[in-house]
1. Extending each Cα 7 Å along its Cβ direction at PHE234 and THR132, get the distance between those two points in nm, one decimal.
2. Using Cα positions and a limit of under 23 Å, work out the lysines in reach of LYS235, with same-chain residues fewer than 8 apart set aside.
3. Magnitude of the Cβ-charge dipole of the range 1-48, K/R +1 and D/E -1, about the Cα centre, nearest 20 debye?
4. If you take the charge dipole of the range 63-126 about its Cα centre, with +1 on Lys and Arg Cβ and -1 on Asp and Glu Cβ, which of HIS87, ILE114, CYS73 is farthest toward its positive end?
5. With θ taken as phi - 60° and the coefficients 6.51, -1.76 and 1.60, list the Karplus ³J(HN,Hα) couplings across the range 41-57 in order, rounded to whole Hz; mark glycine and proline as x.
6. From Cα pairs below 8 angstrom and at least 6 apart in sequence, can you work out the relative contact order of the range 109-235, rounded to a whole percent?
7. How long are the semi-axes of the ellipsoid equivalent to the range 1-40, from square roots of 5 times the Cα gyration tensor eigenvalues, in whole Å, largest first?
8. Given 0.36 nm per residue, what is the gain on full extension from GLU145 to GLU218 after removing their alpha carbon distance, in nm?
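Each value in this text was obtained by applying a stated rule to the coordinates, not by laboratory testing. Computed from a predicted model, the values in this text were never measured in an experiment. Cβ: placed from backbone, ideal geometry, glycine included. Neighbour counts: every protein chain shown.
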Amino acid sequence: MIGVFDSGLGGLLVLNDLAKDYPEQQFLFHPDRKNAPFGNRLDDELQAIFKENLTYFKKRGCQDLLVACNTLCSTIDFSTYTDIRIHDIIEKTVNTVDVDKRAHILLLATAKTIEKGRYERLLKARGYNNITALALPLLATLIEEYASEETVYDYLKLMFKDIKDVDAVILGCTHYPAVKEQIKAFFPVKIFDSNNLQYSFLSNDKKGAVYLDLPKDEGLLHFLDHHLDIPYQFK
Ligand code: DGL
């Protein structure tokens, strides 16, 4: 079984595509919404959150853990964990960027992801030097709290007020595809995100299933209705 971890709803968007790309696999999604947003936390807090949740996935027999969270992938050195195969999403996301090397790339992410600079380093290593890295410290929370389209629009308008001449956008937070159309209205260009990436999993389940382990509430069911088009069951 493959564990999928995030602070919250962003991981569900990754999971939706994963389940379609790997229909024979079993997925267990368990976010840590009580500690969300991760993007404004200290490194030590993120280390502790990751360790605690790793124990959860190991106990349930996951052989693979997909960290569907750019913030954790920016902060934690996964090579120190050897008893479960951990899949990072940032390098793969950067490798999907296929625009002209002179393109002005707008990287949108949490404050922690921007602070860590991993996206920028990897983009620069691939020859992309014209990058604007913009932290959106409130956006994941607005999505977690099912904010209205108007509220999201007002926030984006404020945050984007000085950004011009963008050729491509990277959504460096897995929550942001939930408002991709709204971002596209500001920047009608090619948008890259951490969905539909290719993985090599150790798990080999043969009979696909998607299990969600998170508390059900009305807002969540509405979000699932809007954003998930795969069969799933609550654990
Ligand atoms: N979805 C996560 C990410 O990709 C975390 C967002 C948050 O909790 O701040 O960074």
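1. Going from the PHE234 label point to the THR132 one covers 4.3 nm.
2. Of all the lysines, those that pass the test against LYS235 - Cα under 23 Å, at least 8 places apart if same chain - are LYS20, LYS34, LYS51, LYS58, LYS59, LYS206, LYS207, LYS216.
3. For the range 1-48, the charge dipole is close to 200 debye.
4. ILE114
5. These are the phi-based 3J(HN,Hα) values: 9, 7, 4, 4, 5, 5, 4, 5, 4, 5, 4, 4, 6, 4, 4, 4, 5 Hz.
6. Once divided by the residue count of the range 109-235, the mean separation gives 21 percent.
7. Its equivalent ellipsoid spans semi-axes of 22, 10, 6 Å.
8. Length gained between GLU145 and GLU218: 25.1 nm.
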